[in-house]
1. Condition first: modelled with pLDDT under 80 and among the aromatic types (Phe, Trp, Tyr). Now tell me which residues in segment 43-67 satisfy that.
2. Ala83 - would you say it is among the hydrophobic types (A, V, I, L, M, F, W, C), assigned by TED's automatic domain parsing to the domain that holds Asp132, crowded, with 19+ Cβ neighbours inside 10 Å and modelled with pLDDT of 95 or more?
3. Please go through segment 190-214 and pick out each residue that is in contact (Cβ under 8 Å) with a residue 60 or more places away in the chain and polar (S, T, N, Q).
4. Which residues, counting only those in segment 108-120, are surrounded by fewer than 24 Cβ atoms within 10 Å (Cβ to Cβ) and not β-branched (Val, Ile, Thr)?
5. Checking the conditions here, which among Ile124, Ile161, Ile95 is buried (at least 17 other Cβ atoms within 10 Å of the Cβ) and in a loop (DSSP other than H, G, I, E, B)?
6. Would you tally the residues in segment 219-250 being assigned to a helix (DSSP H, G or I) and touching an Asp or Glu at 6+ places or on another chain (Cβ under 8 Å)?
7. If Met105 passes every condition in (1) crowded, with 17+ Cβ neighbours inside 10 Å; (2) among the aliphatic types (A, V, I, L, M); (3) in a loop (DSSP other than H, G, I, E, B) but one, which one does it miss?
8. Based on what the data block shows, is Glu216 outside any loop (DSSP other than H, G, I, E, B), within 30 Å of Val50 (Cα to Cα) and either touching a Ser or Thr at 6+ places or on another chain (Cβ under 8 Å) or not β-branched (Val, Ile, Thr) (or both)?
Amino acid sequence: MLAAARKDLLLERLRRDRRVVAKEVAAELGLSEDSIRRDLRELDAAGLAVRVYGGALPASPAVVDYASRAAVATDSKRLVAAAAVTLIGEGSTVILDGGTTTLAMVAALPRTLRCTIVTHSPTIAAALLEHDADVFLIGGQLFKHSAVTCGAAAAEAAGRITADLFFVGVTGVHPTAGLTTGDADEAAMKRTLASRAAETYVLASEEKIGAASRFEVLPLAAVAGVITTVRHGVADQLAAAGVEILVAGG
């Protein structure tokens, strides 16, 4: 089998099974594991897969730049955002991560709701200018890819916050890889923010379910729930693993 055909097969397995085990595919095709691992390395380099020990996972399409993400899964993000907003009570303190789904949350948030919102995203803070909520913006070095602040200064400021809820955005939600994103510093900042909230909820529009990125944010057991529009398949696997799935839109 030619390399191009093998890669097509591997991508199909990733779409179907949400993972590839190199040893199993090599045995099935009568090839060496080295050949399959080489194919997976090339798929990883092309951004089509994420290599893990023993094989690979589907790469998340949500790792593209901020402007490009705004056009991905817009209906799913809108429904996830609307469901997330219902968890915010009067007088509560909420941390909002950066990202296009949290921006959709701001659009869905009643303007008269009195609460306190903390964010490390200047985009989110600016969108809240017409709301009655008090807004605290965490400063630091701006990570332009996601329009959020990261680094030592941002982490230090976040360490002085206590919140009721944190709504975190990730690029991958996978039953074995957990919650992942594409940048190590951004992942660290998300962990810091999660440590300051009583409960953390994951905003998981449809393109993120079953996908993975390079850096772990949190294990699935560390969050209160995953809000998504995906009802079956990987969502069932997550629920079977003990993750609370909040299905948006019905």
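The values are calculated or read from the model by the stated rules, or taken from the named source; none is laboratory data. Bear in mind the structure is a predicted one, so any value in this text is a computation, not a measurement. With ideal geometry, Cβ positions are generated from the backbone for all residues, glycine too; neighbour counts draw on all protein chains shown.
1. Tyr66
2. yes
3. Within segment 190-214, the first condition is being in contact (Cβ under 8 Å) with a residue 60 or more places away in the chain, and the residues that meet it are 190, 193, 196-197, 201, 203-208, 210-214.
Ser205, Ser213 - these are the residues of segment 190-214 that are in contact (Cβ under 8 Å) with a residue 60 or more places away in the chain and polar (S, T, N, Q).
4. Selection gives Ala108, Leu109, Pro110, Arg111, Leu113, Arg114, Cys115.
5. On the way: Ile124 fails: in a loop (DSSP other than H, G, I, E, B); Ile95 fails: in a loop (DSSP other than H, G, I, E, B).
So the residue among Ile124, Ile161, Ile95 that is buried (at least 17 other Cβ atoms within 10 Å of the Cβ) and in a loop (DSSP other than H, G, I, E, B) is Ile161.
6. Going through segment 219-250, the residues assigned to a helix (DSSP H, G or I) turn out to be 220-222, 234-240.
Checking which are touching an Asp or Glu at 6+ places or on another chain (Cβ under 8 Å) leaves us with none.
Number satisfying all stated conditions: 0.
7. Answer for Met105: the failing condition is (3).
8. Values: outside any loop (DSSP other than H, G, I, E, B): yes; within 30 Å of Val50 (Cα to Cα): yes; either touching a Ser or Thr at 6+ places or on another chain (Cβ under 8 Å) or not β-branched (Val, Ile, Thr) (or both): yes.
Criteria met by Glu216.
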